[in-house]
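Reviewing the structure listed below.
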Amino acid sequence: MDSEHWRAVITAAQAGDRRALDELVAGWLPLVYNIVGRALNGHADVDDVVQETMLRAVGNLGSLRDPDSFRSWLVAIAMRQIRDRARRKTPDRLEEAPDSDFADLTVLRLQLEGQRREVAEAVRWLDDEDRQLLSLWWLEVAGELTRRELAAAVGVTRQHAAVRVQRMKERLETSRGIVRALDGACPGLRELTGRWDGRPDSVWRKRLARHIRGCGYCGGTREAVVPAERLLVGIALVPLPVGFTLSLALGGKTAVAATSAGWSAKLLGALTKPAVAVTAGATIVTGGAYVVTQPPDAPPPRAATAPTATATSEPPRSSAPPAPTPTPASSPPATKKTDPYGTVVDAVDRAPDPDTRPAALPRRPESGVTSTGGPKAVMQHRGDRVTLTGRGYVLVRWQISPGSRPGALVMPSWTGLEGRLFHVASGGSRRMDDPLPGAPNGYATGMGGPDIGYAVLPPGTQQMWQNEYFYLDGTVTLTQNERGCDYGLTVFPSDRDAVVRDINEGPADGAIRYGLVRDTGTDSAPVPQYVTRESPADPATVPQRSRV
């Protein structure tokens, strides 16, 4: 940021220029949000701590003697609020799951891939103190803070800060190794994490680090590891989320008290009338609040309705998958033209005849889908997840291993849906309950066999094919909820041409069957059974009958 410009803005705000105060708040809010968000890893208290930091900064702006020290002064206030929050909270409150994981936000909003994504996800494995320090060091190497400002915010000398940063970096590199290893397929690691609940913590960080140090598979580096500081240079601040609200009215503050504290007339006027201004992407609205909005030149948000109708009753399935009885392909459930999107849930069907060619796949607009897991996200453990954003097709490939662990299969779930998500086609040349002639190791079908046991779906759940294709127009998170039978998912952004090629590879090529098209090209196209617009703490609790 231009120091001359901000010196003038700060001086003017101290002198009572209320327009300058507006600019000051809007201009420095993203820095505070990044520090607090990363230090607390997206905990539900982030908004409160950010708000308290900005309120204290504005309320005490007159006590700042040197405008040039504003940034270090503001960062010190933020770190003090973070530490105060830790002292106020009980241990059980501190261990609550994040409201929105800041690692995911960083990857998604900055479109990070490869080793940059790895660094962002490794933050989850750090302790609170290391995460607080990293929230400052990240900004230092990104050019937003100086080492002097970092040391001042932590309250130590620059020499002591250097020692603490070095120790934190060592633990960060250990955590990066864990992220890489969990993306792999080491049998020993799978056995070790069989009892892990999927929540990163220091105990499991040490256990996994010991395994990696002694494991030739996990310890082998598949690509050169770039130091974290080189990866973070030049990375921008994570933008404020759309809808982020910073209340500047401070609850019980009266207009008189707010005026004496230096609140602008623009903010006070907003208490009695609707949105009046947009400054740096922050709209001042009724109630004296900054609400982050789309900038004027941004594309309009996609409209999406939220109907409450539920799917019709579905027949139960037996506990062990029977051999499929070839029958003609059934058409999707009929709906009225007035039915809104999302009322038709992908229902249980019977496998079509293997020689039945699929219907034509309707053509939908494609601009591409980005994935927080990159071009190939491998999800092998409970709690693994990937957030997908954009407009286009996504392939979810199933890998079920009842030979390792048979039993009840907890389905993956789609959460936090914004926009639309359709189930468009099934491929991979087989359904998972298709017979597998000559299959080794006791398998009768892809769901298992009498010798090793079966993977058992919840009653009424649609049987999966090897490859399931979905069309996304918006954003959604897919979570692997493995708790009973052993299974894994691989998620690939795809395109219509790839879907058409897959579903038309039939028996003539030696495969078991052709694919199946479920997309109707209308709002009656089926949605997945386990999808919600909510973001529950435990994605495995998403109801089977979708309400989107």
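The values are calculated or read from the model by the stated rules, or taken from the named source; none is laboratory data. All values reported here derive from a predicted model rather than from experimental measurement. Backbone-built Cβ (ideal geometry, glycine too); neighbour counts: all protein chains shown. Heads up: the accessible areas ignore ligands, DNA and RNA and are worked out on the full protein's heavy atoms, side chains in. Shrake-Rupley method; radii C 1.70, N 1.55, O 1.52, S 1.80 Å.
Ranked by the mean number of other Cβ atoms within 10 Å of their residues, highest first, the peptides 481-491, 118-128 come out as 118-128, 481-491. For segment 386-441, the Kirkwood radius over C-alpha pairs fed into Stokes-Einstein at 25 °C and 0.890 mPa s yields D = 166 µm² per second. Placing dummy labels 7 Å off each Cα toward the beta-carbon, the span from Ala498 to Arg357 is 2.4 nm. Start at zero, step by 5 Å, and the Cα-Cα distances of segment 416-548 spread as 2, 9, 16, 20, 20, 16, 10, 5, 2, 0 percent across the bins.
Along its first, second and third principal axes, ordered by size, segment 146-185 spans 44, 14, 12 Å in Cα coordinates.
Report the Cα centroid-to-centroid distance between segment 494-548 and segment 402-463 in angstrom, as an integer. Segment 494-548 and segment 402-463 have Cα centres separated by 13 Å. Residue order by solvent-accessible surface for Glu140, Glu129 is Glu129, Glu140, largest first, with ligands and nucleic acids left out and a 1.4 Å probe. The label-point distance for Asn60 and His160, in a model that sets each label 7 Å from Cα toward Cβ, rounds to 1.9 nm.
Extension gain, Ser3-Arg350: 0.36 nm per intervening residue step, less the Cα-Cα distance, totals 118.2 nm.
Peptides 465-471, 541-547, 452-458, 349-355 ranked from most to least packed, by the mean per-residue count of other Cβ atoms within 10 Å: 465-471, 452-458, 541-547, 349-355. Note on segment 439-503: the alpha carbon radius of gyration divided by the globular reference 2.2 N^0.38 Å gives 1.39. Cβ-Cβ distance of Arg83 and Thr11, R₀ of 25 Å, FRET efficiency by 1/(1 + (r/R0)^6): the value works out to about 0.25. Gain on full extension, evaluated as 0.36 nm per residue between Lys376 and Val226 minus their Cα-Cα distance, stands at 51.9 nm.
The length gained on full extension between Glu129 and Glu418, counted as 0.36 nm times the residue separation minus their Cα-Cα distance, comes to 100.6 nm. The residues of segment 347-386 expose on average 52 square angstrom of accessible surface per residue, using a 1.4 Å probe on protein heavy atoms. Across all directions, the average projected area of the convex hull around the alpha carbons of segment 331-435 is 9.1 nm².
Amide H contacts of Gly448: Ala455, each under 5 Å away and 5 or more positions distant or on a separate chain (H built 1.01 Å from N in the peptide plane; Pro and chain starts excluded).
Can you pull the Kirkwood radius for segment 355-411, inverse mean 1/r over Cα pairs, to one decimal in Å? List each step's numbers first, then the result.
Values: mean 1/r = 0.0684 Å⁻¹.
By the Kirkwood definition, the hydrodynamic radius is 14.6 Å.
Annotation: peptides 167-173, 190-196, ranked by per-residue average of other Cβ atoms within 10 Å with the highest first, follow the order 167-173, 190-196. Using a probe of 1.4 angstrom and keeping all protein chains present, the accessible surface of segment 1-42 works out to 37 square angstrom per residue.
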